[in-house]
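Asks: Here it is, the structure in full.
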Amino acid sequence: MSADTPTAPRAPTAPGAPTAPTPPGAPTTPGARAVDLSRVRPYADHLDDGIVQLSFTLPVPYGLAARRAAQEWAAQMGFEHPEVVHYQELTAGYTHFVMFAESRQRVDYASLSEEGFDIEYMSEEQIEQFAAEHIGRPIVVVGAATGTDTHSVGIDAMLNLKGFHGHHGLEGYRAFETHNLGSQVPNSVLVARAIELDADAVLVSQTVTQQNLHVANLTELVEIVEAEGRRRQLILTCGGPRVSNELAKELGFDAGFSKGTYPHHVASFIVRELAARVESTTAAAAQGAGPWDVDAAEDVNG
Amino acid sequence: MAEAVPERLSPLLSGVRSLALVGLAKNTGKTVTLAAILAEHAAGARTVGVTSIGRDGERRDVIDARIEKPSVRLQAGDLLASTGALLRASGLAHERIERTGVRTPLGEVVLARLSEAGAVEIAGPSAAADVRDLAERMLDLGAEQVLIDGAIDRRAASSPAVADGLVMATGAVLGEDIEDVVEMTRDAVDLARLPAARAHDGRHQPAREREEALTLDRMLVLEAEPRAIAALLREHPQACSLHIEGALSERFLEGLLAARRELAGRELRIVVADPTRVFLQRRGPRWYARQGIAIEARRTIGLRAITINPVAPQAHRFESRRLRESIAAAIPGVPVLDVLDSA
């Protein structure tokens, strides 16, 4: 999910300006300083310098020994040339640090973006246009804070017209028909509404803690949708402060949205996923029954 | 009592083509059980196919990063479902057989065959219908057995429409008192082993009254409005068999029990498609049977074994043998094993 953007340490020139990202797999020309997306590392002053900004607190009194401790810690983390650029006493016995340091590690972005790992976010206008072209009817989204969760603020921010931070919710889009069921909705009632409204997508918010209770409520929703034979038709998304895509996979949802998510992120995922499902259903119908035939789900679904 | 419990799982699984592993909660040891089955198959040189409805083989728990997870080790020739990124991260030589077109939050699922042995993360389809299709494909490609690992407490992939065998994982994480763990395990096993729906044998109803079988409206069952349930029972005073096509929630059962006047002592049996369609949190099938509501399934699940994890991560632990014996005493007819401790 989109992370909170930290302030850039040395105000590098606009990212991407000197070197436009090369499409995955394109040959890299050293002279042109093209980005090799299969081996990227952090960027601060110039491409490939690997410089990152670290911000953290140590439970030690402010002083030169504290400064040295921060440098040693960063070195143990594998950073090279760790440099303390700012440090100050937070309160007695605690010192906060801002550091720059270099990382030699690289990551293969090219393969990740090729493999459908990414959700390509669109602006509201792009979403409206995409939906008009690929779906061509209102997309029905049902949302709720389920189970015993009384916090509807997350679901309200995503669905209601008002939205938040100046991004209005899905209700404000022409592409969506939204139904916000509020909080403390039992899973079976949510599924009943989704079936009744012939929903395309369900969005639930849930505070996940280490207690089994909360995850069990999310898995139950997925399992009831399975029991009703709707799992392949219905897009299931969940959001909450600790919901990552990794957790969403375990829970059985199609996507998980965490802190820093705006309504257009959720909307982008739903329209793209729905378009992909419409496409594969049409392709399967054109091919007739095959090993991956969507209609073969009927047997499983009773 | 005192049935001999085998030390190994694979003999209990012979003849099973697609085996589902289901945990009663997180950290009940599903992946440890999977690893043990894989090791036995490797020793027997049997080719397997492996998929997970969640993710397997990750280093750390997705909710509590303090918990380290076991790795999943496969042999050359084994088939697996994972994403391209996870396959690559394993560093193992493999052949990509096909892209499945199944999209997950971690990327599209790829069906691959390993060319060398090693540890790899598994992440297959989530939806039961996709899992069934994938398992069929793996069997066609030569897997002698397909292992379908569960995630958290999800049961849908253990439906008889998907798998033909089940291993359940339970453990100390369910409660601090061993009695609670035993009781919750027994309720879950009762649910997985719901009796097959039988033809009416006259035991539930005096022969002179004509039994009426009803197929219930799905909306009525899901919404479980007490007034609607009472009205249904009033309209059908002879109804004793209620057939439900979709999900049966605890709210609906509670609605039935609340309609005392309409039930008037009538005993009911509720017939569902299979045990994965029933959702109980507070009470087990045994308790409802005592209240006069018997739950039966048109298709049943073959529970082959129960495995236990006597350790609750970051909390308490029980003695393995004591937990095994307590569960075995409460749940006859199913072998109970601790794959890490057979003493």
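No value in this document is a laboratory result; all are computed from the given coordinates. Quick caveat: nothing in here was measured; it's all calculated off a predicted structure. Every residue, glycine among them, receives a Cβ derived from its backbone with ideal geometry; neighbour counts consider all protein chains shown.
Asks: In a Gaussian network model over chain B where Cα atoms closer than 10 Å are linked, find which of B:220, B:12, B:38 has the largest mean-square fluctuation.
Replies: B:220
Asks: Another question about this same structure. Most mobile of B:223, B:296, B:40 per a Gaussian network model of chain B (Cα springs, under 10 Å)?
Replies: B:223
Asks: Then there's this: If exposed trypsin sites (Lys or Arg not before Pro) are those in a DSSP loop with at most 13 other Cβ within 10 Å, what is the longest stretch of chain B that has none?
Replies: B:67-197
Asks: Between residue B:186 and residue A:126, what's the calculated FRET efficiency when r is the beta-carbon distance and R0 is 35 Å? Round to 0.05.
Replies: The formula returns an efficiency of 0.05 here.
Asks: Could you identify which residue out of B:156, B:328, B:228 has the top mean-square fluctuation in a GNM of chain B using Cα springs shorter than 10 Å?
Replies: Result: B:228 has the largest fluctuation of those listed.
Asks: Per residue of A:245-258, how many C-beta atoms from partner chains lie within 10 Å of its own C-beta, taken as a mean?
Replies: 6
Asks: Each label point is 7 Å from the Cα along the Cα-to-Cβ direction; what then is the distance between the points at residue A:90 and residue B:212, in nm?
Replies: My value for the distance between the label points is 6.9 nm.
Asks: With the crude spin-label approximation of a point 7 Å out along Cα→Cβ, what separation in nm comes out for residue A:106 versus residue A:276?
Replies: The modelled label-to-label distance comes out at 2.8 nm.
Asks: Between residue B:329 and residue A:38, what is the label-to-label distance in nm when each label sits 7 Å out along the Cα-to-Cβ direction?
Replies: Going by the 7 Å Cα→Cβ label model, 6.2 nm.
Asks: Work out the FRET efficiency for residue A:196 and residue A:174 from their Cβ-Cβ distance, taking R0 = 30 Å, and round it to the nearest 0.05.
Replies: 0.85
Asks: If you take each beta carbon of peptide B:146-157 and count the beta carbons of other chains within 10 angstrom, what is the mean?
Replies: That works out to 4 on average.
Asks: Relative to the present Cα-Cα distance, how much length would full extension add between residue B:45 and residue B:298 at 0.36 nm per residue of separation?
Replies: 87.4 nm
Asks: A follow-up question, please. Need one number: % antiparallel among DSSP beta bridges in chain B, to the nearest 5.
Replies: 30
Asks: So for each of B:172-179, A:238-245 I average, over its residues, the number of other beta carbons within 10 Å; can you give me the resulting order with the highest mean first?
Replies: Put in order of decreasing packing, that is A:238-245, B:172-179.
Asks: Subtract the Cα-Cα distance of residue B:234 and residue B:69 from 0.36 nm times their separation in residues, and report this length gain in nm to one decimal.
Replies: Contour length minus Cα-Cα distance gives 54.1 nm.
Asks: Assign one of three labels to the stretch B:283-343, namely rounded, prolate or oblate, based on the Cα gyration tensor with a ≥ b ≥ c the square roots of its eigenvalues; rounded applies when a/c is under 1.5, prolate when it is not and a/b is larger than b/c, and oblate otherwise.
Replies: prolate
Asks: Right, next: At a Förster distance of 45 Å, what's the computed FRET efficiency of residue B:267 paired with residue B:316, Cβ-Cβ distance as r, to 0.05?
Replies: FRET efficiency, residue B:267 to residue B:316: 0.65.
Asks: Cut-off is 10 Å between beta-carbons; in what order do B:148, B:301 appear when sorted fewest neighbours first?
Replies: Least to most surrounded, the residues fall as B:301, B:148.
Asks: To continue, here is another question. What net charge is computed for the residues neighbouring residue A:172, neighbours being all others with C-beta under 10 Å from the C-beta of residue A:172, Lys and Arg scored +1, Asp and Glu -1?
Replies: 0
Asks: I would also like to ask the following. What does the average come to when, for each residue of peptide A:181-189, you count the partner chain Cβ atoms lying within 10 Å of its Cβ?
Replies: Per residue, the number of nearby Cβ atoms from other chains is 3 on average.
Asks: Full-extension gain between residue B:286 and residue B:198, please, as 0.36 nm times their residue separation minus the C-alpha to C-alpha distance.
Replies: Gain on stretching residue B:286 to residue B:198: 29.9 nm.
Asks: In what sequence do B:87, B:79, A:197 fall when counting other Cβ within 10 Å, fewest first?
Replies: By the 10 Å Cβ count, ascending: A:197, B:87, B:79.
Asks: Moving to a separate point now. Compactness ratio of the stretch A:133-197: Cα Rg over 2.2 N^0.38 Å, N = residue count?
Replies: The stretch A:133-197 yields a ratio of 1.17.
Asks: Compute log10 of I(q)/I(0) for chain B with the Debye formula, placing one identical point scatterer on every Cα and leaving out solvent, at q = 0.06, 0.10, 0.11, 0.15 Å⁻¹, to two decimals.
Replies: The calculated log intensity ratios at q = 0.06, 0.10, 0.11, 0.15 Å⁻¹ are -0.24, -0.65, -0.77, -1.21.
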